[in-house]
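Every number here is computed from the coordinates shown, using simple stated rules; none is lab data. On a predicted model such as this, the values are computed, not experimentally measured, just so you know. For neighbour counting, all protein chains shown are included, and Cβ atoms are generated from backbone atoms with ideal geometry for every residue, glycine included.
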Amino acid sequence: MELAHWIEDHAMEIKPGTLEDYRITIRLYIKPHIGKTKLQAVRPSTITKLYRDLLARGGRGGKPLSVSTVVHTHAILRRAFRDAVEVHEYLSSSPVDKAKRPRGDWREPGMIWTPAQLRTFLALARSHRLFAFFHLAAYTGARRGELLNLRWPDVDLGGKQITIKGSTGVVDGEHIEGTTKSGRTRVVTIDDGTVAVLRKHREAQDAEKLRGGESWKGEEDGHVFTTAWGGAIYPTTVTALPGKLIKAYNEPEDKDQAPVHPLPYVRLHDLRHIHATTLLLAGVPVHIVATRLGHADPAITLRVYAHVIRSAETAAAEIFARALE
């Protein structure tokens, strides 16, 4: 069994975005090292050596590969060899299960804005036609692909909630829709301010549709976030925009207008971290935060935001003492 054949045989079971990621990982990190080794000749030591080589010089130009990338490579191999054992019955046991893999490190989120910094950013984005996208990302913690997949029938402004049913990505230049990361649909509540933002966004989209006339590419009750002519938005568009807004704010043409406190650069995905961190520090239970984020298990939330929970825990003794007083 070649990995290239395995990936195609099981393509229907894997989300499109994940499928492309698997293909890249196999091409870059697995085939060059063990691609010519026969399946039955692969031993746990073969896999262990692969991980060791990747960590030492598996990156571009012979540079070390990150632990997280090697752990991801391990996950792909584990799935492939498990199918070789359980589905195809090529092997009696998987050598990957006995290999010594690097320990995955659950990295703490990087730069987390304060609420004041988030307000500054949203004020910067307010004049942009996709302001509602960034507002909703910050106020719900939803992933980029989930928001790009959101349709108007999934938005209940009267009930103050949105239903996240899937995710949108781009594979080989084509927009592909799939399930959420957990494979589950979830309902996320929104506040009155977010309802107002979405109402205004719909009014603006209706105006664009009217101006576009027959050239409008959107569907009736289509996606909440589209291009100005109703087409699908490329994920890279919304990913790049925060950096451009922050740069324009920090480095204005008139240097006298430069802010006293520049806004730290963050990724679009960090809006999700800001949402989770703010809720946890405010005392919202972990299982509720996990539900909003779409984590399949609250244990994931505990691992990713352990530092936030530790910070909140330090105040627990004083809170208990004050309660008794």
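Grab the DSSP H runs of the chain that are 4 residues or longer, score each as -39,500 (n - 2.57), total them, divide by all residues and round the 222 nm result to the nearest 500 deg cm²/dmol.
Details: 15 runs with 163 residues, N = 325.
That comes out to -15000 deg cm²/dmol.
Between THR227 and SER92, 0.36 nm times their residue separation minus their Cα-Cα distance comes to what? Write out the running numbers ahead of the final one.
Details: separation 135, 0.36 × 135 = 48.60 nm, distance 5.22 nm.
Roughly 43.4 nm would be gained on extension.
Just check the range 151-206 against the gyration tensor rule for me: Cα atoms, a ≥ b ≥ c as the square roots of the eigenvalues, rounded for a/c under 1.5, and otherwise prolate or oblate depending on whether a/b exceeds b/c.
On the way: a/c = 3.21, a/b = 1.51, b/c = 2.12.
Cα axes put the range 151-206 in the oblate bin.
Calculation over all alpha carbon pairs of the range 15-90 in 10 angstrom steps from 0 returns a P(r) of 17, 52, 27, 3 percent. Computed from the Cβ-Cβ distance with R0 of 56 Å, the FRET efficiency linking ARG43 to ARG199 stands at 0.35. Looking at the chain, which longest stretch skips every one of the chymotrypsin sites (Phe, Trp or Tyr not before Pro) that is in a DSSP loop with at most 16 other Cβ atoms within 10 Å, leaving the sites themselves out? The reported range is 107-228. Entry note, the chain: relative contact order of 16 percent, from Cα contacts under 8 Å with a spacing of 6+ residues. Our note on the geometry: Cα centres of the range 50-86 and the range 203-245, 39 Å apart.
Given a cut-off of 28 Å, name the pairs among LYS63/LYS165; LYS165/LYS247; LYS36/LYS63 whose C-alpha atoms lie farther apart than that in the structure shown. Violating the 28 Å limit, Cα to Cα: LYS63/LYS165; LYS165/LYS247. For the chain, the longest principal axis of the Cα atoms and the long axis of helix 270-281 meet at an angle of about 80 degrees.
Taken over the C-alpha atoms, the chain has Rg and Dmax values of 23.3, 71 angstrom. Charge dipole of the range 87-234 (Cα centre as origin; +1 on each Lys and Arg Cβ, -1 on each Asp and Glu Cβ, all else neutral): 620 debye, rounded to the nearest 20.
Which whole number in µm²/s is D for the range 210-271 by Stokes-Einstein, with the Kirkwood Rh taken over Cα pairs at 25 °C and 0.890 mPa s? Diffusion coefficient, whole number: 171 µm²/s.
Whole-Hz Karplus values for the range 198-207 come out as 5, 4, 5, 5, 5, 4, 5, 5, 4, 5 Hz, taken residue by residue from phi with 6.51 cos²θ - 1.76 cosθ + 1.60 and θ = phi - 60°; glycine and proline positions read x. A Förster distance of 30 Å, applied to the separation of the beta-carbon atoms of TRP152 and ILE300, puts the FRET efficiency at 0.50.
Two decimals, Cα atoms only, Kirkwood Rh: what is Rg/Rh over the range 231-325?
Radius of gyration over Kirkwood radius for the range 231-325 works out to 1.14.
Applying the criteria of a DSSP loop state and at most 15 other Cβ atoms within 10 Å to the trypsin sites (Lys or Arg not before Pro) of the range 156-188 yields LYS160, ARG184. The value of relative contact order for the range 166-217, using C-alpha pairs under 8 Å at least six residues apart, is 21 percent.
Counting Lys and Arg as +1 and Asp and Glu as -1 over every other residue whose Cβ lies under 15 Å from the Cβ of GLY243, the net charge comes to +2. Here, the range 136-235 is characterised by an Rg to Rh ratio of 0.96, where Rg is the alpha-carbon radius of gyration and Rh the Kirkwood radius. Cα centroids of the range 257-309 and the range 125-146: 15 Å apart.
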